[in-house]
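No lab work stands behind these numbers, since they all come straight from the coordinates. The shown structure was predicted, so the numbers you read here are calculated from the model rather than taken from an experiment. Here the Cβ is made from the backbone with ideal geometry for all residues, glycine too, and neighbour counts use every protein chain on show.
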Amino acid sequence: MERPVVAVAAAAVRGGEILLIKRKYPPSAGKWSLPGGHVELGEKLEEAVLRELKEETGLEGVVKRFLKPVEYIEREGGRVKYHFVILVYLVEVADGAQPKASDDAEDAAFVPVEKALEMDLTKTTREVIDYLLISRILL
């Protein structure tokens, strides 16, 4: 990578559960994370997060608000291999709607937060869950 890339992620929470996907491709293949991905040229951020949510889980949502930025930086041999600036949005999905993994996801599920914290999460997903707990958004 020659410069940071703007990405988005959807923090969809309901009833003490958070929506997670198991990543199919690098970076962090095989780890659990929030649904999300790159912002396309000309695409608004809120459009991007809802598109990525639908592509990876089949779920439609409504953006409630911006939560926070997180960064993913991975170095290899002294150079930067990946650098993503990820803008995380709180997203509401319909009660009872169940995710179905597609696109870049091996699996997708609503997971109780206690179980999520025991899973092999990406660093940025763990950071967001910690923020949701501290902010009392995820109870």
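Give the peptides 67-78, 3-14, 123-134, 91-102 in descending order of average Cβ contacts within 10 Å, highest first. Please report the intermediate quantities before stating the final value.
Details: 67-78: 12.8, 3-14: 19.8, 123-134: 17.5, 91-102: 14.7.
In descending order of packing, they fall as 3-14, 123-134, 91-102, 67-78.
Per residue of the chain, what 222 nm ellipticity follows from adding -39500 (n - 2.57) for every DSSP H run with n ≥ 4, rounded to the nearest 500? Write down the numbers at each step before the final one.
Working: 3 runs with 29 residues, N = 139.
Helix contribution divided over all residues of the chain: -6000 deg cm²/dmol.
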Spatially proximal aspartates and glutamates relative to Lys115 (Cα-Cα < 14 Å; intrachain offsets below 8 disregarded): Glu17, Asp130
Between 0 and 90°, nearest 10: helix 45-57 axis offset from the chain longest Cα axis: 70 degrees
Global geometry of segment 68-109, whether rounded, prolate or oblate, following the gyration tensor of its Cα atoms and the 1.5 cut on a/c: oblate
Nearest 10 degrees, 0 to 90: helix 123-134 Cα axis against the chain principal axis: 40 degrees
